[in-house]
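The values are calculated or read from the model by the stated rules, or taken from the named source; none is laboratory data. Quantities reported herein were computed from a predicted structural model and do not represent experimental measurements. Here the Cβ is made from the backbone with ideal geometry for all residues, glycine too, and neighbour counts use every protein chain on show. Just the protein is used for accessible areas: all its heavy atoms, side chains included, with ligands, DNA and RNA removed. Shrake-Rupley method; radii C 1.70, N 1.55, O 1.52, S 1.80 Å.
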Amino acid sequence: MNGISYTAINILGGKFCIKDNSGKVVYSSPADDGVIHFKFIDFNGDGYKDITVDLSTVDSGAQDLIIYDLKSKTFKFAGNCSNAEKIRNTKFYYTYEDCCMGRNWSSNLFYIADSKIINVGYINYKDGEGLSFYKVNGKKSVFVKKWNVRINGNTPITTGKHINFNLNNYWKNHWYSFIAQRS
C-alpha cells in the first residue's frame, strides 16, 4: 500500500502485530485477545486493504477491524466488526454476535469515520426478555422500544409470541430511524 508492503503476524499466545517492509512494528493489538485468524480485506471500500481479526472469545464470531489510515499511512484499531454486513446504498454496517445458539445475541449499527467505528444503534435479544432496541450517541445508549417476543422457536422460555426476525431486513428497512434527529 502506497509502495509499502506489510506483514501481519499472529504470535502464539494471542499477540497480533503488523510490520512494515523494514521490520518495524506499525501496529500492535491493544489486548491479548487470542487471535484465531486474520484476513486482509478492503472493508470500507477506499481501495486500501484493512484487516479483520477473528478473536478467540466466548461469543461466536467475535471480530475486530483494523483500518489502514491513508492520512497517517499506518493501521488503526477501529473497533468491533463481528460478522459485519454493509447495508446497501448507505454508509452503514451492522454486526451480529451470538453467544448462545440464538438464545442471546446482539447487533450494532455503525459507520466508519476517521478510522473508527461509530455505533449509532443497538439491538439485544435474550430468551426470556425479548428484543430491546437502543439508539447510541457516543457512549450513551438510549432505550427506544422493547418487543416481548421469542425468536428461538424451540426454547422452553415463553416470553411472548414466536416471530421470525430477519436482522438483515430489519436494519435494511429501519437504519435511518436510529440516526434521525441525533444531537
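Data for the structure
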quantity	calculated
In region 113-134, the residues that are open to solvent by less than 40 Å² (accessible area, probe 1.4 Å) and of a type in the set (A, V, I, L, M, F, W, C)	A113, I117, V120, I123, L131, F133
Test result for N104, without any contact (Cβ under 8 Å) to a residue 24 or more places away in the chain, surrounded by 17 or more Cβ atoms within 10 Å (Cβ to Cβ) and of a type in the set (S, T, N, Q)	yes
Considering residues of region 158-183 that are open to solvent by less than 70 Å² (accessible area, probe 1.4 Å) and in a loop (DSSP other than H, G, I, E, B) only, the residue modelled with the lowest pLDDT	A180
Test: residue in region 78-87 that is of a type in the set (K, R) and more than 13 Å from the chain's Cα centre (by Cα)	no
Conditions (1) modelled with pLDDT of 95 or more; (2) of a type outside the set (A, V, I, L, M); (3) open to solvent by less than 70 Å² (accessible area, probe 1.4 Å): number failed by N80	(1)
Qualifying residue in region 54-62 (condition: hydroxyl-bearing (S, T, Y) and open to solvent by less than 50 Å² (accessible area, probe 1.4 Å))	no
Selected residue [open to solvent by less than 70 Å² (accessible area, probe 1.4 Å) and assigned to a loop (DSSP other than H, G, I, E, B)] from N89, N44	N44
